[in-house]
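Please read the structure below before turning to the comments.
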Amino acid sequence: MNYLQGILIVAGISLDLLATMEVEGAKLGEIRRKTLLLNSLLITGLQLGFFFGGYYICHYIDQIEVFANEKTAWLGEVIAFLVFALLGVRLFVKAIRHEFVDERRETISRKTYVRIILVTTIYTLFAGCATGFLEFPPLFLLITIIICSIIVVFAGVYMGYMFGFRAKTVFYAIGAAVLWAAGVNILYHLITRTY
């Protein structure tokens, strides 16, 4: 796996988070910076936990003889391609579907943030699992996820607070395209290495 693939994967799951945070920011009556910082750290922790939970489970599976065999080593990469393709389809469907958003002013508690983000992080688990098949250095992923998660939480909340949630469909569509690009990049490297 190359660094471009890692950046595309993290960017794709981060754009999903950005759209979710934009919707939540649109509901806020006021932004409390301390609460936002604590919530962004909590969300980043959840993202890391789910991503690396999936990463290490599938990294371990990748070490099993079925995947470690030279004749079937490509299987993990094909699974990763399929996972990113399906995650892209999920974001594309979210982009074209017009979900009703109740844009009433409220304060969002940590419990609400956790509930909202747990749904998103389930897909982060799948992305982490697919990445585990690609034998990518975890330190780079760790740093990239921390930076991206904190940035998108702050950016999403402030954009939603100031402009509403209109851009969420664009973020979902771009996220889908980025995940598809990651999948195509994986497939390209698999094909060029095979031939």
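The values are calculated or read from the model by the stated rules, or taken from the named source; none is laboratory data. Given the structure is predicted, the values throughout are model-derived calculations rather than measurements. Positions of Cβ are backbone-derived with ideal geometry, glycine not excepted, and every protein chain shown enters the neighbour counts. We work out accessible area using only protein heavy atoms, side chains counted, and drop any ligands, DNA or RNA first. Shrake-Rupley method; radii C 1.70, N 1.55, O 1.52, S 1.80 Å.
Descriptive notes on the structure:
- Residue that is surrounded by the fewest Cβ atoms within 10 Å (Cβ to Cβ), among those in the range 61-73 that are touching a helix residue (DSSP H, G or I) at 6+ places or on another chain (Cβ under 8 Å) and modelled with pLDDT of 75 or more: Ile61
- Any chance Gly160 is modelled with pLDDT under 90 and buried (at least 23 other Cβ atoms within 10 Å of the Cβ): yes
- Of all residues in the range 146-168, those satisfying the criterion of being closer than 25 Å to Ala80 by Cα and touching a residue at least 40 places away in the same chain (Cβ under 8 Å) are Ile146, Cys148, Ser149, Val152.
- Contacts under 7 angstrom Cβ, first residue in the range 173-195 being more than 25 Å from Asp16 (Cα to Cα), partner open to solvent by 90 Å² or more (accessible area, probe 1.4 Å), 6 or more apart: Leu190/Trp74; Thr194/Trp74
- Selected residue [farther than 30 Å from Gln63 by Cβ, surrounded by fewer than 19 Cβ atoms within 10 Å (Cβ to Cβ), of a type in the set (Lys, Arg) and at pLDDT 80 or above] from Arg97, Arg115, Arg110: Arg97
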